[in-house]
1. Report whether or not D158 is among the charged types (D, E, K, R), closer than 30 Å to L98 by Cα and either under 32 Å from the mean Cα position of the chain (by Cα) or not assigned by TED's automatic domain parsing to the domain that holds F272 (or both).
2. Would you mind telling me which numbered condition in (1) at pLDDT 90 or above; (2) assigned to a strand (DSSP E or B) I107 fails?
3. Can you pull out the residues in the range 288-308 that are touching a strand residue (DSSP E or B) at 6+ places or on another chain (Cβ under 7 Å) and surrounded by fewer than 18 Cβ atoms within 10 Å (Cβ to Cβ)?
4. In the list L147, L155, which residue meets the criterion of being touching a residue at least 12 places away in the same chain (Cβ under 8 Å), out of contact with any Leu (no Cβ under 8 Å at 6 or more places or on another chain), crowded, with 18+ Cβ neighbours inside 10 Å and among the aliphatic types (A, V, I, L, M)?
5. What is the number of the single condition among (1) under 21 Å from E353 (Cα atoms); (2) in contact (Cβ under 8 Å) with a residue 40 or more places away in the chain; (3) assigned to a helix (DSSP H, G or I) that E297 does not meet?
6. What single numbered condition from (1) at pLDDT below 90; (2) in contact with a His (Cβ under 7 Å, 6 or more places away or on another chain) fails to hold for D288?
7. Can you give me the number of residues within the range 414-461 that are β-branched (V, I, T), within 20 Å of A516 (Cα to Cα) and not in a helix (DSSP H, G or I)?
8. Are there helices (runs of 4 or more DSSP H) fully within the range 173-246 with at least 3 residues that are touching a strand residue (DSSP E or B) at 6+ places or on another chain (Cβ under 9 Å) and either at pLDDT 75 or above or among the basic types (K, R) (or both)? List them.
Amino acid sequence: MSYQPSERIRELLSNLPTKPGVYLHKDAEGNVLYVGKAINLRNRVRSYFHTNVDSIKTQRLRRQIADIEVITTESELEALLLEMTLIKQHRPQFNVRLKDDKRYPYIKVHWADPFPKVTVTRRMVRDGSRYFGPYTSAWAVQQTLDLLRKIFPYLTCDRVITGKDERACLYYDIKLCCAPCIGAVNQEQYRAMIRQLMDFLDGKSDHIVKGIESRMEKAAADLNFEKAAEFRDQLKAIERITARQKVIGASDADQDVVAFAREEGEACVQIFFIRQGKLIGREYFMLDNTEGESDHEVLQEFLTQFYEDAAYIPKEVLLPSEVEEARIIEEWLRSKKNTKVSIRVPQRGKKRELVEMATENAHDTLATLRQQWAADRSKHVQAITELQDALKLPGPPARIECYDISHTQGTQTVGSMVVFVQGAPQKSDYRRFNVQSVENDDYGAMREVLTRRFQRYRDTLAGELHDPNEIKSRADRPTAWAILPDLLLIDGGKGQLAVGREVLRDFDLEGEVPIASLAKQEEEIFLPDRTTSVFLPRRSEALYLVQRVRDEAHRFANEGHRKRRSKVGVASILDSIPGVGPHRRQVLLKRFGSLEAIRDASVEEIAAVPGIPVHVAEEIKAHLE
């Protein structure tokens, strides 16, 4: 049966403007399914509803479209900017987008400060700082900074730098800080060092190496061998970093080389960063929702999303193939960089070789990732089989639901439900519950959460889907409730297991839904009608699986609890911590400025606040985490 748009959609299609702009496809509940831009809105939007549409993705999309919103703009560039804003705001399920909801890490140089520090951040703000990135691996960023600190021993403490402190910290003794606090270097010398660090991150290392070599030779000539050895160690650290950098272009080359590989619905983009003719780094990014999209559409979506948050835009971007909106993207990049930016598709020569090399790397990366995923799936199968045998389950626990409770002294209680399917998290089925019926009663909270979960199962079967107290983590889908778990796992001991059995009994599901509880202290599993607990082998895949499931439920509950707790205000959150009263709350907020800053601080930093003993600092840290 061919697709027929509804009367509402036909009316919208007949009144579309011919101007450039952005369109939003929405479902019956008003959720944004897809955001797109067009030079001619009428032609582009109507194309989704042609009788013959080749793309399966478009066929699925248009079956869900119940409404269309259009926003006209004065130019294609305005449409591009608006599209990017709306995609970031709504994160539509059908748009191609960078995989992972998390932000990527950047190296941040706090250049606006008198004595700039160097940190890792996941958010760029216009505060006068310089940013380098994004990187896909926080571990790689930290490794880079560890090496850089040996070359450029920058500050990491929170001291107010006057140059008059009596004593420097341990880092000065081990050559990881140049100690402006005691006046070992002045502000001008310190900032000159940080400027060199930024040059180094930009790929400009030759003049830095020559300067250190010159100082090393002078120190040796003056018989200051200890100082000469310091400079030698700095050169070795530089060599460890620059050994990975290859000279592959002209000395003034400032380029990003972008290429990608696709296989069975997966897309991997590889970028080479070339500065001063050197390959100073490379990163790969995975993309979601690329099925049914053409290569140029995938490439185009990546360019706009990546450079929207990129810390640096080069003079030239090299691509493997043309993109339709290259001119508009060039104009946008030019406005961000304030100088000319060219998008090129080289056909021959050195630049073409670079694109081919990046393409080959993208294919290799994707192949490696697919092998890892296959290995993980194999481990999942092994874990499920081991768990079935150990717990004597009637069938493989392909779907595991795990529940946990989080609260602060019995208040703002939140329950979590996480779902693992075939050993992997299925986040679309995660749910949180604001516990309403009890306070300071973990058993009562668990009883309410499980009752609401299985009441939703019963209601779903009856065609009813409504629970105003449920906190939805995703768009509500009946499958989250309609499918019974192959294993119901509760974080807790025998008492929590007894509560779970009572709820299953109330819904006539005891015996149909296998249940177990996992006690964290000894990692022992309690089962119904078993006098002894089960201990899974310490290195078994089954144990790793239940630990991952339990930890995910704990994380998800804590996250929900923090969100709920934040709504009652910072003051009440701090006041609920044993040992923290109005005075201590005031000095903490005066010192750190916000609850987030207190949460990010270490126990030692909190205890350094006047009037905060160590045991109170430990309580604060435990409660806020």
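1. On the way: among the charged types (D, E, K, R): yes; closer than 30 Å to L98 by Cα: no; either under 32 Å from the mean Cα position of the chain (by Cα) or not assigned by TED's automatic domain parsing to the domain that holds F272 (or both): yes.
It is false that D158 is among the charged types (D, E, K, R), closer than 30 Å to L98 by Cα and either under 32 Å from the mean Cα position of the chain (by Cα) or not assigned by TED's automatic domain parsing to the domain that holds F272 (or both).
2. (1)
3. D288, the sole residue that qualifies.
4. It is L155.
5. Evaluating E297 over (1) under 21 Å from E353 (Cα atoms); (2) in contact (Cβ under 8 Å) with a residue 40 or more places away in the chain; (3) assigned to a helix (DSSP H, G or I) leaves (1) as the failure.
6. Among (1) at pLDDT below 90; (2) in contact with a His (Cβ under 7 Å, 6 or more places away or on another chain), the lone unmet condition for D288 is (2).
7. Residues of the range 414-461 β-branched (V, I, T): 414, 418-419, 421, 435, 438, 449, 451, 460.
When the remaining residues are screened for being within 20 Å of A516 (Cα to Cα), the result is 418-419, 421, 449, 451.
Of the ones still in play, those that are also not in a helix (DSSP H, G or I) are 418-419, 421.
Total satisfying the criteria: 3.
8. 187-201
The values are calculated or read from the model by the stated rules, or taken from the named source; none is laboratory data. Note that the structure is a prediction, hence the values are computed from the model and not measured. Note that each Cβ is placed from the backbone with ideal geometry, even for glycine, and that neighbours are counted across all protein chains shown.
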